[in-house]
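S.K.: Structure provided below as structure tokens; questions to follow.
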Amino acid sequence: MAFLYINSKGHEHRRHSYSAGNVYDQSPSKYYLMKVQGWKEKDNRASFLFGRAIEEAIQHHHDHNGQGAVEDFQQRWNQHKDNRDIVYTKTERDWANLLRVGTDMIKLYVIRQPSLPIPLGGATSFQREFAKEVFPNDDNYGGIEDAGKLDIIAYVEPAHPMLAKLDWKAEYGMLRPVIVDIKTSSRDFPENPGIAAFDKQLRRYSWLAGIRDVALVWFCKKNPSIQKGSSVTLLQDAEPFQAGEEAVIAKVDEGTVWLVRNDFMLEEMTSAQGKKPDGKTDQTSLAKQRAINWLLANGTAVSEEQITKQRLQFNCGFVTIESANEAGQIAARQIVQIVNSWKTKSWPSTFGIRPPSDDRKDPYFRAFILKDEDFKRDYFTQTEGETFADLFDEETEQDDCDGKNCKNGIEISGDVPSQARYTCPEHADVAPDNIRFQRHQFDDLLGSGTDPRLYERRRIFMRKIAEFPNIGRPRKNKLKRTTELLTGHPNAEKILAVLTEEVHDSNLG
């Protein structure tokens with residue numbers, strides 16, 4: 001009987017998984033370190049612990065007839081309150097922030113669950129394991145299975161409105177099975193209807209389980225601070241909004257938040273306020289009163305406790321037989337490659353440093369390829385090889401950047417010289433002959449860096465650039481506005497300290 005590899009204790013492993021295949025595809029050397037030699041990251045990442053608490057609270061919701069999910073999450077997360085070893089990303093910030101974030105996420109799930117194809121009671125099961133032999137009776141690869149642990153399998157009415165329209169026949173059964181995966185992330189999931197069917201992991205699960213309907217319950221972690229223009233979700237009914245609906249903040253007063261339906265209505269309020277001849281928004285008392293009158297007629301006033309910036313997205317898709325079989329072919333290809341790597345003792349490093357395959361933030365790259373022994377000692381532990389539970393471990397997302405949509409970025413717009421995004425230095429577009437981004441602005445303590453172009457449009461088109469030697473330094477009245485816009489950002493003080501430095505554009509000579 002064939003096997004994938006033999007671990008350090010001499011145990012033959014015959015089970016493959018989606019996550020294990022991802023590791024091998026990224027770099028065979030990482031697979032060898034993780035699976036064969038047993039090098040594991042220490043279980044101290046907040047993203048992992050937080051995601052598990054969310055999933056268990058959702059299961060509690062279903063196991064207890066829709067009762068006590070919020071309290072269950074808070075109890076589970078409270079266990080980590082005094083753990084000083086937990087590593088938080090910039091988005092997660094700290095334990096208290098994730099307590100608030102997770103509480104709101106579970107409240108959203110409780111609100112949305114009755115409309116989702118995930119019913120309470122026995123029609124929903126959690127953590128179901130499936131396995132399939134990929135090469136039955138094959139001399140070289142026979143006996144090796146691909147396995148998966150599915151968060152949820154729900155059985156619902158075939159005509160459920162959130163599922164793909166399908167000519168459901170009686171011989172298919174009375175209920176329609178749906179695979180549901182739960183994810184927490186710091187970025188939104190694409191809104192395209194049915195796009196979940198193209199998720200690689202769900203396609204693999206569909207192949208394993210023979211279930212064609214798949215769905216994602218996607219929790220998106222957001223900075224809880226609110227300001228004009230923020231998208232929020234209602235936690236309580238507030239006419240004309242119902243709990244679970246999304247809205248946009250039009251104005252924040254003392255203890256009161258004014259909501260409108262969408263960004264278009266926000267523009268309508270600005271139109272009601274009016275503009276000056278130069279095209280800027282009219283800031284006179286009369287103009288501001290016009291905006292207030294518009295808001296009184298068209299907006300909805302709520303308290304901060306009635307809303308949240310956290311998001312729950314649900315996307316359901318239908319995986320075709322062809323698509324599912326292709327996912328099975330990927331599993332087969334990975335198994336063949338892993339077996340051959342074991343037989344030939346060849347586990348090459350295919351880590352890369354050039355986008356889109358930039359592995360510099362990968363802990364295995366840092367510890368074992370760059371040979372950072374201190375980092376390896378602090379963040380890794382060596383076990384006696386992979387266990388059955390390890391088979392389904394998934395990579396948690398790194399809190400890094402993805403180009404112009406950098407997760408760590410913040411938008412600055414409104415009463416400032418230009419609209420811009422504070423972003424990280426790795427994604428500041430710098431031509432070799434155009435050194436606009438000063439390296440001292442990207443101090444490691446800042447997290448996200450700053451973009452001097454925010455202040456470069458100070459009527460440059462009207463005067464010679466040489467007249468502005470301190471072009472990167474904000475004027476006092478603009479700095480006050482920027483300070484307000486930065487409220488709630490974890491690095492606000494450090495960013496402001498950088499912005500008030502004398503910044504000279506090197507192109508000035």
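The values are calculated or read from the model by the stated rules, or taken from the named source; none is laboratory data. Because the structure is a prediction, the values reported are computed rather than measured. Because the Cβ atoms are built from the backbone with ideal geometry, glycine has one as well, and the counts that use them run over all protein chains shown. Side chains included, ligands, DNA and RNA excluded: accessible areas come from the protein's heavy atoms. Shrake-Rupley method; radii C 1.70, N 1.55, O 1.52, S 1.80 Å.
S.K.: Can you put His61, His160, His11 in order of accessible area, largest first, using a 1.4 Å probe? List each step's numbers first, then the result.
M.R.: Numbers: His61 5, His160 35, His11 105 Å².
Sorted descending by solvent-accessible area, the residues read His11, His160, His61.
S.K.: Classify the range 1-148: rounded, prolate or oblate, from the alpha-carbon gyration tensor (a ≥ b ≥ c, eigenvalue square roots; a/c under 1.5 rounded; otherwise prolate if a/b is larger than b/c)?
M.R.: oblate
S.K.: So if I place +1 on the C-beta of Lys and Arg and -1 on the C-beta of Asp and Glu, and nothing else carries charge, what would the dipole magnitude of the range 49-89 be about its Cα centre? I want it in debye, nearest 20. Walk me through the intermediate numbers first.
M.R.: Working: 4 positive and 7 negative charges, 32 e Å.
Roughly 160 debye for the range 49-89.
S.K.: Something else about it: Using the Cα centre of the range 165-273 as the reference point, and only Cβ charges (+1 on K/R, -1 on D/E), how large is the resulting charge dipole? Debye, rounded to the nearest 20.
M.R.: 740 debye
S.K.: Starting from the Cα gyration tensor of the range 139-186, take the square roots of the eigenvalues, sort them a ≥ b ≥ c, and report rounded, prolate or oblate (rounded when a/c is under 1.5, otherwise prolate if a/b is larger than b/c, else oblate). Walk me through the numbers before you get to the answer.
M.R.: On the way: a/c = 3.21, a/b = 1.43, b/c = 2.24.
Oblate, because a/c is 1.5 or more while a/b does not exceed b/c.
S.K.: Full extension from Phe198 to Asp358: what is 0.36 nm times the residue separation minus their Cα-Cα distance, to one decimal in nm? Working shown, then result.
M.R.: Details: separation 160, 0.36 × 160 = 57.60 nm, distance 2.34 nm.
Length gained between Phe198 and Asp358: 55.3 nm.
S.K.: When Rg is the radius of gyration of the Cα atoms in the range 229-361 and Rh is its Kirkwood radius, what does Rg/Rh come to? Please list the in-between numbers first.
M.R.: On the way: Rg = 26.5 Å, Rh = 20.1 Å.
Over the Cα atoms of the range 229-361, Rg/Rh equals 1.32.
S.K.: Starting with the highest mean, order 29-35, 89-95, 320-326 by the number of other Cβ atoms within 10 Å, averaged over the residues of each peptide.
M.R.: Working: 29-35: 22.3, 89-95: 17.1, 320-326: 14.0.
Output ranking for 29-35, 89-95, 320-326: 29-35, 89-95, 320-326.
S.K.: Spin-label point model (7 Å from Cα, Cβ direction): what's the Arg366 to Arg187 distance in nm?
M.R.: 1.9 nm
S.K.: Add +1 for every Lys or Arg and -1 for every Asp or Glu among the other residues with Cβ under 13 Å from the Cβ of Leu234, and state the total. Don't jump to the answer; show the numbers that get you there.
M.R.: Working: positive: Lys107, Arg112, Arg261, Lys309, Arg311; negative: Asp104, Asp237, Glu239, Glu245, Glu246, Glu304, Glu305.
Local charge sum for Leu234: -2.
S.K.: Using 0.36 nm per residue of separation minus the Cα-Cα distance, give me the extension gain between Glu56 and Leu286 in nm, one decimal.
M.R.: Values: separation 230, 0.36 × 230 = 82.80 nm, distance 5.37 nm.
Gain on extension, Glu56 to Leu286, equals 77.4 nm.
S.K.: While we're on this one: In terms of the Cα gyration tensor, with a ≥ b ≥ c the square roots of its eigenvalues, is the range 150-240 rounded because a/c is under 1.5, prolate because a/b exceeds b/c, or oblate?
M.R.: Working: a/c = 2.82, a/b = 1.77, b/c = 1.60.
Prolate shape, in that a/c is at least 1.5 and a/b is the bigger ratio.
S.K.: On a C-alpha basis, how far is the centre of the range 62-124 from the centre of the range 263-303 in Å? Whole number, if you could?
M.R.: 38 Å
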